[in-house]
Amino acid sequence: METLLIADDEKNIRDGLKCILDWEALGFALCGEAANGEEALSSILKNNPSLVLLDIRMPKLTGIDIIRIAREQGYNGRFIILSGYSDFSYAQAAIRYGVEYYLTKPIDEDELLAAIHTIRESIEQEHRRSDNIALYREKAKDVILHELITGAWKKDGATGLSSADFRSLELNAEVYQVAIYEKFGTAPEHKSYSFADMLSITNSGKHAFEHFEKDGKNVILLKGSFALRRFAEFLSRYERSDFQAGSPLDALFLAYGHPVESLDEICLSYDEAYTLIQRRFFCIQGQHTLGYEELPAMVPHSLQISDEKLQSYCDALTNCVQANNRKQLAATLLSLEKYLHNVDNSIAAVRLFLTDLFLQLKENVGKTYSSSRGAFPSNSAIIDRIENCHYLYEIILYISEQIKSVMDGSDSSSRDAILDDILCYIDNNYQNNIKLETIAPLFGYNSAYLGKLFTKSIGENFNSYVDHRRIEHSKKLLERRNIKVYEVSDLVGYKNVDYFHKKFKKYVGISPAEYRKQLKLDD
């Protein structure tokens, strides 16, 4: 709706003009009226009406003086001059100030209506033109901002933009700083929280900062010392805060580069912020910001994720479960987190590594303890949970909780229970090169003490018991005619077939081949 001001020193004429046309239907709302020139000028400058119906002769200031002063003060609205008599000199003066209509009293309704229709159409065209200019301006500004942060405008040489152009785009400032933030909350209030809200400032006309998106992330270009000071104050409060669960700020992570003093250097501040935002996944619990001050600690890494490392950590975690050793579990997970923190791989690759690790661990534990397999979540639940964790520490904590849950199901601290765990461990790992010195730490014991305890409780020493278990398993394998003796030797943990022969004869009294012949005679 456009606005209308009626200025005439005669009240009955003002009242008549208010009623002569259906102003609302024509798209105009009355914003005021004036009885003399000073009131008219004051109302024009205060209310900035779209259209003024102005009597040419009024007390204190004439209509021409009102128009002249209003134009000098920046008023760009329309005037329709109303006069009791036709005076060419007045009309000429009015035309010089952009007045298109000079109507004589008494006002002809049709003549006034035609003028209003024309003016209304002209105003609408101007609005459309202004809207298009503003749209093109914003598009051009968006392109310039992207070129500034990437350094493309600088690399391409001349930009075709002058200092005045940057001022008109409100990009000129004595200092700049780039910040990038991510919102990873799913609640509606998390997504609606604006950067202006965070800084507790208004950004009318985008004087304090520019906000746009690049590569799916929110980029903020802070402009001027006031904006940078408020940003520093916000960081100080934010880093000290302990947010409640569900708070929009608890679902925010922010990285920022160092302040720079020229448009040429904005790309440097952006590069730093971008490097830092890529490390969000590896931040510690409760950390919501990374700043340029921490860049020196981020040295390039050469470590790469490998299948060998995956298998190594999987075996170590499996051992922890089988040995029911929580201390070793904590140490292994800490080592795993440190290893992944230093690999030069994408976050997607790290997630996949952890997913494969957990699923393989679940499979290993399931083979040993059939009841424990069901204690782990389903494979799809594991995959979804790891995929939806925002930080590495969240995934490590999740894996730790799930493993401890399984261990709790068979937890016992008694000596007999620990020995049972050791015997179970041997039964499931006899095919490997297990030694007392290797497994003792898994169960929290000194190897010498555990050896004495084992011999006293079981009635034979550790190595002898392992040999017995291997030989018992080898006898079952020898019953299968399709497996050769050297293959049986390897399957039960003896890599040297001659050594296997020696051990078999010691415990059974005959060689493996003779034992197999006996089985044939018994058939």
Q. Which of the listed residues, GLY37, GLN73, THR62, is farthest toward the dipole's positive end in the stretch 1-94, when Lys, Arg count +1 and Asp, Glu count -1 at the beta-carbon?
A. GLN73
Q) How big is the charge dipole of the stretch 373-523 about its Cα centre, in debye rounded to the nearest 20, if each Lys and Arg gets +1 on its Cβ and each Asp and Glu gets -1 on its Cβ? A) 960 debye
**Q.** Chain lengthening between ALA348 and ASP264 when straightened (0.36 nm per residue, less Cα-Cα)
**A.** 26.9 nm
Q. Using 0.36 nm per residue, how much length does the chain from ILE20 to LYS217 gain when fully extended, once their Cα-Cα distance is taken away?
A. 65.2 nm
Q: With only Lys, Arg, Asp and Glu charged, each at its Cβ (+1 for the first two, -1 for the last two), find how big the charge dipole of the stretch 1-120 is about the Cα centre; round to the nearest 20 debye.
A: 420 debye
Q.
Whole-Hz ³J(HN,Hα) for each residue in the stretch 472-482, computed from phi via Karplus 6.51 cos²θ - 1.76 cosθ + 1.60 with θ = phi - 60°, x for glycine and proline: what do you get?
A. 4, 5, 5, 4, 5, 6, 5, 5, 8, 5, 7
(Q) Per residue of the stretch 172-178, what does 6.51 cos²θ - 1.76 cosθ + 1.60 with θ = phi - 60° give for ³J(HN,Hα)? Whole Hz please, x for Gly and Pro, Karplus curve as stated. (A) 7, 7, 7, 7, 9, 7, 9
Q | Test item: Cα-centred dipole of the stretch 266-324, Lys/Arg +1 and Asp/Glu -1 on Cβ, debye | A | 140 debye
Q: Compute the signed sum of charges (Lys and Arg +1, Asp and Glu -1) over the other residues within less than 13 Å, Cβ to Cβ, of TYR75.
A: +3
Q: Go through the stretch 388-399 residue by residue and turn each phi into a ³J(HN,Hα) via Karplus (6.51, -1.76, 1.60, θ = phi - 60°); whole Hz please, and just put x for glycine and proline.
A: 9, 6, 8, 9, 4, 4, 5, 5, 4, 5, 4, 4
Q) Pulled fully out, how much extra length does the chain show between ASN379 and GLU308, if you take 0.36 nm times their separation in residues and subtract their Cα-Cα distance? A) 23.3 nm
Q: Might you work out the accessible area of ASP427 for me, using a 1.4 Å probe with all protein chains in place, and round it to the nearest 10 Å²?
A: 60 Å²
(Q) As an exercise, take the mean of 1/r over every pair of distinct alpha carbons in the stretch 220-329, invert it, and state the Kirkwood radius in angstroms. (A) 17.4 Å
Q: Sorted from largest down, give the three principal axis spans of the alpha carbons of the stretch 1-89, whole angstrom values.
A: 34, 29, 22
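The values are calculated or read from the model by the stated rules, or taken from the named source; none is laboratory data. None of these values were measured; they are calculated from a predicted model. Every residue, glycine among them, receives a Cβ derived from its backbone with ideal geometry; neighbour counts consider all protein chains shown. Calculation scope for accessible area: heavy atoms of the full protein, side chains included, ligands and nucleic acids excluded. Shrake-Rupley method; radii C 1.70, N 1.55, O 1.52, S 1.80 Å.
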